[in-house]
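Chemist: I'd like to ask you about the structure that follows.
The values are calculated or read from the model by the stated rules, or taken from the named source; none is laboratory data. Keep in mind that what you see is a predicted model, and the values were worked out from it rather than measured. Methodologically, a virtual Cβ is constructed for each residue, glycine included, from the backbone with ideal geometry; neighbour enumeration extends over all protein chains shown. Heads up: the accessible areas ignore ligands, DNA and RNA and are worked out on the full protein's heavy atoms, side chains in. Shrake-Rupley method; radii C 1.70, N 1.55, O 1.52, S 1.80 Å.
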Amino acid sequence: FYTNLTNTILNQMYQKYCPKCKTPLTVPVFNREKSIRCKSCHYIGSKTNHTPLQNSKLPIWTFSYILRESVDYFPQVINAKTIQRKLGIAYNSSLLLKRRLQLFLKEFIEPIKIIMAEQAEESFPKGFRLPDTKTTDISDKIKGKAYIASDTVALFSASQRANGHRKRFRHTGQTASIYLSDLVAKEKGKYQIGTLIHTTAQNNGLVILDSVPNQKQETIQPLMDFLPTHVPMLTDEGYPWLSRYNFNHRAVNHSKRAKNGKRYVWGKDRWSCNGVHNQLAEGVQSAVKNSFKSGYKYFQPKFSQLYLDEWCSLKAIKAVGIDRLIQVRRKK
C-alpha cells in the first residue's frame, strides 16, 4: 500500500520523461522499485532522481508511511527518534528521512499562498470595505469568511541563566528573548538561540509561518505580499504601519484600560472589541508552541524554517487535502 502511495506521489509531483521520445516514463522495472522505463524505446530512468528521495537507501514505502503518520499525528509532530522507533533503523537514517520529508512538504508553501489569496478574493471581492468608524461592530462582515489574522510569538527563548545571568539590555520587547547579550554571544560564539515566528493565519485552516529576526516593517511587510491588499486583516497594535497599505486593517488594543479610569485595571474588551480580535493567530501559535516544545524540545534557528514549513503543509493537507495542493503546484 505505501509503495503504491509513494509511487503515486512521485508520479504526480515529479513526473519523469524519456529524453529520446519525450513521453512520460510509466513502465515499472521488475525487482528495481526505484526505476521506471519508457514503453517505446525502453529507456530506464530513476523515479527518485531530482526529488527529496534522491540517493535514499531506504525502501520507498518508508517515505509515504512517515508522511501519513505525520498527518495522523498532527498537530503533534513526529521527531527523528519516533521515526527510528517505528521503522527500526539507525538514528542518522531516521533524521535524514525526516529532512527528506521536510523538503518535500516545503514545496507546498507556494500552493498554500495561492489558495489563501484565491479564497480571500472569493470572500472579499475587490473594492470591499469595512465600516470606516472603528466603533462599528464588524462581526457580521467577516463571519464565516476567509479573513487574515497576524501575530508574532517567540519560541525557545533564552532564559537569564542561558544569558550568563546577565540582563538583556540591548534588545527590548519580544525580540529580546531570542538573542544573547553581546558579551555572552562573544563567549559562546552564537548570537541568536531562539526563534521568532510571524504567523499569517486564514479563517479556513490555512496558515503561513515565517522565522523572522525582528518585528520591523521591512522584515514583516514582504511576508504578506501574496495577499490582496483589500482583504480584512486583524492584528494587535504591533502593526501600526499596516493601515497605510490595507484600508481594511483593524487592530485590537491588548493594553486597553478599564473605563472607570482606575490605575492598573485592564479593560474587559482588550482581547476582542467590536468583532476585532487576534484569537485566530494566537490559537495557531499556541498549537505550534505546544507541539514543538513537546516533540522537539529545541532546534537551532537556522533550521527553524524547515520545521515551520513542515507544520504549515501538514495543516494544509488536513484542511484542503494533498490532491488540491498537488493540483495547484502543477498549475504553478
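Chemist: Check the range 261-273 and report whether any residue there is of a type outside the set (A, V, I, L, M), in contact with a helix residue (DSSP H, G or I) (Cβ under 8 Å, 6 or more places away or on another chain) and part of a strand (DSSP E or B).
Modeler: Yes; the residues of the range 261-273 include at least one that is of a type outside the set (A, V, I, L, M), in contact with a helix residue (DSSP H, G or I) (Cβ under 8 Å, 6 or more places away or on another chain) and part of a strand (DSSP E or B).
Chemist: Restricting to the range 203-218, what's the tally of residues that are out of contact with any strand residue (DSSP E or B) (no Cβ under 6 Å at 6 or more places or on another chain) and touching a residue at least 60 places away in the same chain (Cβ under 8 Å)?
Modeler: Qualifying residue count for the region: 4.
Chemist: Still on this model: Return a yes/no flag: does the range 248-270 have any residue that is over 14 Å from the mean Cα position of the chain (by Cα), hydrophobic (A, V, I, L, M, F, W, C) and surrounded by 18 or more Cβ atoms within 10 Å (Cβ to Cβ).
Modeler: Scanning the range 248-270 turns up at least one residue that is over 14 Å from the mean Cα position of the chain (by Cα), hydrophobic (A, V, I, L, M, F, W, C) and surrounded by 18 or more Cβ atoms within 10 Å (Cβ to Cβ).
Let's see how each residue does on (1) in a helix (DSSP H, G or I); (2) of a type in the set (Lys, Arg); (3) without any contact (Cβ under 8 Å) to a residue 40 or more places away in the chain:
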residue	(1), (2), (3)
Cys21	no, no, yes
Ile36	no, no, yes
His50	no, no, yes
Lys57	no, yes, yes
Glu69	yes, no, yes
Ile83	yes, no, yes
Leu95	yes, no, yes
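Chemist: Have a look at Thr62, Thr8 and point out the one that is hydroxyl-bearing (Ser, Thr, Tyr) and either in a loop (DSSP other than H, G, I, E, B) or open to solvent by less than 50 Å² (accessible area, probe 1.4 Å) (or both).
Modeler: Thr62
Chemist: Just to be sure I understand, how many residues within the range 306-325 are open to solvent by less than 10 Å² (accessible area, probe 1.4 Å) and either hydroxyl-bearing (Ser, Thr, Tyr) or over 21 Å from Tyr73 (Cα atoms) (or both)?
Modeler: Residues in the range 306-325 being open to solvent by less than 10 Å² (accessible area, probe 1.4 Å) and either hydroxyl-bearing (Ser, Thr, Tyr) or over 21 Å from Tyr73 (Cα atoms) (or both): 1 in total.
Chemist: Residue by residue through the range 281-305, note down the ones that are open to solvent by 40 Å² or more (accessible area, probe 1.4 Å) and either of a type in the set (Lys, Arg) or in contact with a Phe, Trp or Tyr (Cβ under 8 Å, 6 or more places away or on another chain) (or both).
Modeler: Lys289, Lys293, Lys297, Tyr298, Lys302 - these are the residues of the range 281-305 that are open to solvent by 40 Å² or more (accessible area, probe 1.4 Å) and either of a type in the set (Lys, Arg) or in contact with a Phe, Trp or Tyr (Cβ under 8 Å, 6 or more places away or on another chain) (or both).
Chemist: So which residues in the range 118-140 are at pLDDT 90 or above and not in a loop (DSSP other than H, G, I, E, B)?
Modeler: Residues satisfying the conditions are Glu118, Gln119, Ala120, Glu121, Glu122, Ser123.
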